[in-house]
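This report refers to the structure that appears directly beneath it.
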Amino acid sequence: MTAAKTTSKAKAGKSNADDYLRMYRQMVRIRTFEDNANQLYLSAKMPGLTHMYSGEEAVAVGICEALTDDDRITSTHRGHGHCVAKGADFKQMFCELLGKEEGYCRGKGGSMHIADQSHGNLGANAIVGGSMGIATGSALRAKLQGSDDVTVCFFGDGATAQGLWYEVMNMAALWKLPVIYACENNGYSEYTKTEEIAAGSIMARAEAFGIEAHQVDGQDVLAVNELTQKLVARARKGEGPFFMELTTYRYHGHHVGDINRDYYRSKDEEKEWKDNRDPIVRFRGYLVSEGIATEEEIEAMNAEIETDATDAVAYAEKAPYPPANEVDMHVYAD
Amino acid sequence: MREITLSQAVNEAIAEEMRRDPTVFLMGEDVAEAGTPFKVLSGLVEEFGTERVIDTPISEPGFVGLAVGAAMTGARPVVDLMFGDFIYLVMDQLCNQAAKQHYMSGGKLQVPMVLRTNLGATRRSAAQHSQSLQAIVAHIPGLKVALPSSAYEAKGLMKTAIRDNNPVVIFEDKLMYQDKAPVPEDEYLIPFGEAAVLREGRDITLIGTSSMVQVAGKAADILANEGISAEVIDPRTIVPLDEATLLGSVKKTSRAIVIDEGHQSYGVTAEIASRLNEKAFYHLDAPVLRMGAMDVPVPFSPALEDLTVPTPEKVADAARRLCAGEMIHAA
Amino acid sequence: MPHEVIMPALGMAQDAGRLVAWLKKPGDPIAEGDALFEVETDKATMEVEAQAPGFLTDVRAAEGDDVPVGRVIARISETAETAETAGAALPEPSAPSETAKKAAAASAPPDDLPEGRSVILPALGMAQDTGLLVAWHVSPGEEVAEGDVLFEVETDKTTMEVSAEAAGFVAAILAEDGEEVPVGERVAILTAEKPTAPVRQKRSAAGVEAPQSHEAPAAPKETPATERAATPPVATGGRILASPKARRLALEEGLDLARLVEAGHPQPFHVRDLEALKTLQDARPATAAAAAQATRRFNADIHREGFSEFLAWAAESEGHADAPALLAAFAAASFRSGREHAPICVIVERFGEESRHLDPDRAATGRSAVPDEDAPAPDLILRDLRHVSISSVELGAEDAPVLTIMKRGEGLAVTLECGAGHLSAAAALELVSGFTGRLEEPLRHLL
């Protein structure tokens, strides 16, 4: 991939209405996408399972808004947010979720393997921690080839239990690779609280390898973006790797079928996060109070995104499946 | 023609490809100054530097994962896995990630990497350093598997592997690194999916992989003295497999034995024998036999270890009995 | 529980030991460890000790006997009385001692019957499956001359005497006076030598035993892989073992693998065996001629045939007269002896048409012909040529015995032709005489 350097969309945290609006827009797009995907599952129109990102929008958006199309990300099983944040469009995403030919992966990856190479998304991964090696390898390649792109590796708190992370952090630190490990700590590893699966401190794990570790409120998109911009700039100069722990919360269950979940997570807690710490509501308030947008404009934007999504869903539902002869295509590259 | 060792042949192949394509690089344990414990890669770090010949920590899943990521984003890594036995460690990165990225992305992502490792027992290295695990990776769609049987094959197959845009696993016979064979000076590649008929025969086809090619050849010598003419074929790659050559031979001789150093059960021999049975059934005058390593972990004691692998005598014996029309099972 | 005293295993290469001397007598008290008897092996004489305390009883081997290793030769019981009450008999396949031999005369399992010429309850010429064995005229052990009356059997009409076919000794009597015996069943055994342990038992003791019994070639289970068998296993159930290539080439070249089987060629067959097959098939004319020589042929004349009358009567009283079915019934009935439980399929060829009849002698008259697809291969072929002017036939053996009926003057001519392998001479005679008898007096068939 030797695309010409695109104009960096990342600005160094200065007030920029367009950037903020775009950030807000992206977060709403993620939320809207997830709501629609959830509906598709509940109305039995979506094959398989998927994992909702709702509540964590500020993490994906705050980070991806600091990246260019040349920068890479690797994603997780909870990957729609990263995919949208890195520039994907609704139609192809919904098509992929429904297994249609026009999906990003021609229907062959599905929700858990959705990838959008044109925007640098190396793909969601169904194996917990499975993409850590890939992200680090991408950074290795950047260093080898003298390219200044950066790779961000998204993973959850649960993935800190995977041995692979320690192996790749070790190598990333040894060779000073331009990779940023972004741990989306939403307090739960599937159905178990994080404190029951991660001993000691997550930050300390990165620090043990001499990797600079930062903690940030994952519900504050501006804070996330500001931090990311700094780290990305430094990584481009060869000062990487870096580690970020983002405190966040997923509103839905582990996957769309995880509906009755108060046996491991109280409704009160969920309510608390939704009511008091919602990243979109928070940012909306900020935009309005800073005079960047009016409530009406925001409402209009929301409505527009809603329509986009609805149209895209309708489109995807009507779109054709891949033809049968594709089943054994793409096993091998030519 | 000059003769060089298998070790030198591999070295040459990698060096030539690294000169030809700057995106090719090497990584693995002790690949740089040490040139690996088998000394195959000696001299490469001097020519290409530590940027392109990277010593890794003992993190097999980790550095294979890195190779996958590097390959997905434009590099062409050659990863050294010190012993084939360690394949178990890297199965997720190799089989869940590398093998499937091209397919899962609908053809958009590719993983042009080579995993270079070895096979072969009778080195007194015991159970965890003596396995021949080609069957395990051959089973996974998306991977290609090459089994060079001499220095000549090793060089040609390695070059092809590096230029292939898919993840390729190459198994070298660790006992053959010092064996010499004629290797041309001029550049040549051996395409995948092309078997080599090493010896023509009329009475029985002996199909051997890797370390077993020599065994088959020696068995053919023994049989020749008894008036039995054996055809010896080396498939060279098992994925893709040159079925046409194998079938053509069996249709001619009407008998076959498949010999591989993986275990007897559920292995490469079973797959090849099965295909011959399916597709040459009406040409068979005898059942197709499989001969693999015994279904036991490789024992340490030399008295025991040597019993567990196919030998020329065992192969010749089986062939003799098949040609005589006996109803037998393989050892 | 009594403890069994056995002839112990004596070493590597010995199957039996000679019991040289008993050291205890029956009834003696025994302590554990007492020496019971002495055995001579090929190496030395050894003492065998008691393994339990008690009293020595049920002694079954005598001094001087060669006793197989493992044979029970005595017991150590709780009391001094023998344990030989009902049901407590010691297992002894064939006891070699004098006492044992005498005991064997009482009753022996079927395997223990002496070998000799079988005497069967003969086919009685009528539509009868069994006969009442009225009385024996001889006893076990008696010497008989050829023609001596052995026993009397009562049929539905009369009482017949059955005589000895050759001189010999009555070694076994296997049915008692007053027992119903199926036609064809063995009722006595005659031997050339005087029997040492003649047997006499009821039918029910020995169990039913068909003459054509378990002499079938013992086809071992298909063992696909034993060690290097010099003679590979014979196929079971008519299945021929051959390599796929051999089969295909045989098919393509019109070769019949079954001929190799007949010729006794060891299986499985491979391509090289087809060479032998080709030679065999070339020699076929010779074997055919040889087969032709092995054809059996009987000619019979019936001067006064009652069949046409019978047919007319049946048409009148039953409303229909199915000549082929009735002929098939007569033929099947004549063929039935020894096949009480097997289906008989008869094909009748008449006026160029073929009809098949399954067990026509068993159904009420007029059983309809079975459809071709369901019918088994025929056991008998009946060629009704009464409507043409053929006076005699000599067609040679076909796949099944063939009865041909032709007009002869006022009566009928009947010819039976069959291969030597189809029927024995006696069975063929029985078939043709039974058939002609029924054609002469059909009404007896119904009674």
(message) Any residue at all in segment A:154-176 that's closer than 28 Å to A:G103 by Cα, touching a helix residue (DSSP H, G or I) at 6+ places or on another chain (Cβ under 6 Å) and more than 8 Å from every other protein chain (Cβ to nearest Cβ)?
(response) yes
(message) Can you report the number of residues in segment A:129-146 which are at the interface with another protein chain (Cβ under 7 Å from one of its Cβ atoms) and of a type in the set (K, R)?
(response) 1
(message) Let me spell it out: the conditions are (1) away from chain A (no Cβ under 14 Å); (2) buried (at least 24 other Cβ atoms within 10 Å of the Cβ); (3) among the aromatic types (F, W, Y), and B:F63 meets all of them except one. Which number is the exception?
(response) (1)
(request) Give me a count of the residues in segment B:29-48 that are modelled with pLDDT of 95 or more and within 14 Å of another protein chain (Cβ to nearest Cβ). (result) 1
(message) Looking at A:D89 and the list (1) farther than 22 Å from A:Y315 by Cβ; (2) over 12 Å from the mean Cα position of the chain (by Cα), which single condition is not satisfied?
(response) (1)
(message) Quick check on my filter: what residues within segment C:228-253 are touching a His at 6+ places or on another chain (Cβ under 6 Å), closer than 15 Å to C:H265 by Cα and either modelled with pLDDT under 90 or part of a helix (DSSP H, G or I) (or both)?
(response) C:A246
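Results for (1) under 19 Å from A:Y181 (Cα atoms); (2) in contact with an Asp or Glu (Cβ under 7 Å, 6 or more places away or on another chain); (3) in contact (Cβ under 8 Å) with a residue 24 or more places away in the chain; (4) of a type in the set (D, E), shown as yes or no for each residue.
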| residue | (1), (2), (3), (4) |
| --- | --- |
| A:A66 | yes, no, yes, no |
| A:D71 | yes, yes, yes, yes |
| A:S75 | yes, no, yes, no |
| A:H80 | yes, yes, yes, no |
| A:K86 | yes, yes, yes, no |
| A:E101 | no, no, yes, yes |
| A:M112 | no, no, yes, no |
| A:D116 | no, no, yes, yes |
(message) I'm trying to understand the selection: among the residues of segment B:39-50, which are surrounded by fewer than 19 Cβ atoms within 10 Å (Cβ to Cβ) and not β-branched (V, I, T)?
(response) B:K39, B:S42, B:G43, B:E46, B:E47, B:G49
(message) Consider segment B:275-285. How many of its residues are free of Cβ contacts under 8 Å to residues at least 12 places away in the same chain and either more than 12 Å from every other protein chain (Cβ to nearest Cβ) or under 13 Å from C:K245 (Cα atoms) (or both)?
(response) 3
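Which residue out of A:E184, A:E226, A:E245 is among the charged types (D, E, K, R), away from chain B (no Cβ under 14 Å) and either surrounded by fewer than 17 Cβ atoms within 10 Å (Cβ to Cβ) or more than 26 Å from B:V64 (Cα to Cα) (or both)? Show your work before the answer.
Working: A:E184 fails: either surrounded by fewer than 17 Cβ atoms within 10 Å (Cβ to Cβ) or more than 26 Å from B:V64 (Cα to Cα) (or both); A:E245 fails: either surrounded by fewer than 17 Cβ atoms within 10 Å (Cβ to Cβ) or more than 26 Å from B:V64 (Cα to Cα) (or both).
From the options A:E184, A:E226, A:E245, the qualifying one is A:E226.
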(message) Looking at A:A126 and the list (1) surrounded by fewer than 21 Cβ atoms within 10 Å (Cβ to Cβ); (2) modelled with pLDDT of 95 or more; (3) facing chain B (nearest Cβ under 9 Å), which single condition is not satisfied?
(response) (2)
(request) Name the one entry in A:A303, A:A312, A:A319, A:A324 that is at pLDDT 95 or above, farther than 30 Å from A:D18 by Cα and among the aliphatic types (A, V, I, L, M). (result) A:A319
(message) Between B:A330, B:A324, B:A318, B:A273, which is closer than 21 Å to B:L247 by Cα, modelled with pLDDT under 95 and among the hydrophobic types (A, V, I, L, M, F, W, C)?
(response) B:A330
(request) Can you work out which of the residues in segment B:286-304 that are surrounded by fewer than 22 Cβ atoms within 10 Å (Cβ to Cβ) and farther than 15 Å from B:L133 by Cα is nearest to the other protein chains (Cβ to nearest Cβ)? (result) B:P287
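The values are calculated or read from the model by the stated rules, or taken from the named source; none is laboratory data. Everything numeric here is computed off the predicted structure, so don't read it as measured data. Note: ideal-geometry Cβ built from the backbone for every residue, glycine included; neighbour counts use all protein chains shown.
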